[in-house]
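Notes to accompany the following structure.
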Amino acid sequence: MKKVLLIAVLFFSMHCTAQSKRDILSVSPKTVIKDIEGNKISYLQYIELTNSGDWIPVINKKDSGETHFVQLRKTTKAEKEKIISEHVIGHQSSLTGKKAPRFRMRDVTGKIISSATTKGKVVVLNFWFTNCKPCILEFPTLNKTFEKYKDNDQVVFAAITFEKKEAIESFLEKYYFSYPMITDAQEICDIFIQNSYPVNIVINKSGVYESYTIGGPPATGLDSVIDSALAKK
């Protein structure tokens, strides 16, 4: 077995490109994930635990270099302080200013949102899941932003989650979130992000990341970013 590779996900989110992050750490619902005692946990539990800042994934690799399994360990005080300062307050990814990937997704009403249908428009994306407390705390701010631009046909919104449609519908009976909703979207999550939530993205008319913000709440400054993207040719 090759030497275990220790990675602080949120730390690398600041210093690695999207491709290099995937080379270093690719955790998905198919990955074998274990808690500190070696018991298997779900992908949703993994996201919730790492999002809290209390846990860091340790990647155990096979001799071939492939991930064998992921096991969590407790963060040190210094590690947690760094994660909280970078993630909860929110920070700009190094992806800001770079070309966004092509995409195609369908919202819960059946509407297609894609690179083709949004060409020449500003695209506002939010990545979230139901057990992410910072994600939920952003809802009021995001709802206000949506209300401000909902009648502007040059701005397209989408809230994206890897969770099932049924679970989201049940959740939204208790919490109001006005963005058009994309569920069952693990593939889209894999294209845009790497295990850090919430993420708020604004893609300008040229298909470039006007803003790529990791962490929250609150999602402050989003309106000014949208206005800046709209003002560009």
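Taking loop as defined by DSSP and a crowding limit of 15 other beta carbons within 10 Å, which trypsin sites (Lys or Arg not before Pro) in the range 92-156 fit?
Lys98, Arg102, Lys111, Lys119, Lys150
Over all distinct alpha-carbon pairs, what is the Kirkwood Rh of the range 98-187 in angstrom?
Its Kirkwood hydrodynamic radius stands at 13.7 Å.
Send over the semi-axes of the range 149-233's equivalent ellipsoid, whole angstrom and largest first, taken as the square roots of 5 times the C-alpha gyration tensor eigenvalues.
24, 15, 13
Aspartates and glutamates near Lys80 by alpha-carbon distance under 13 Å, same-chain residues fewer than 8 away left out - which ones?
Asp54
Quick note: the coordinates plus some simple rules give every number you see, no bench work behind them. Computed from a prediction, not measured in an experiment: that's the story for all the values here. Positions of Cβ are backbone-derived with ideal geometry, glycine not excepted, and every protein chain shown enters the neighbour counts.
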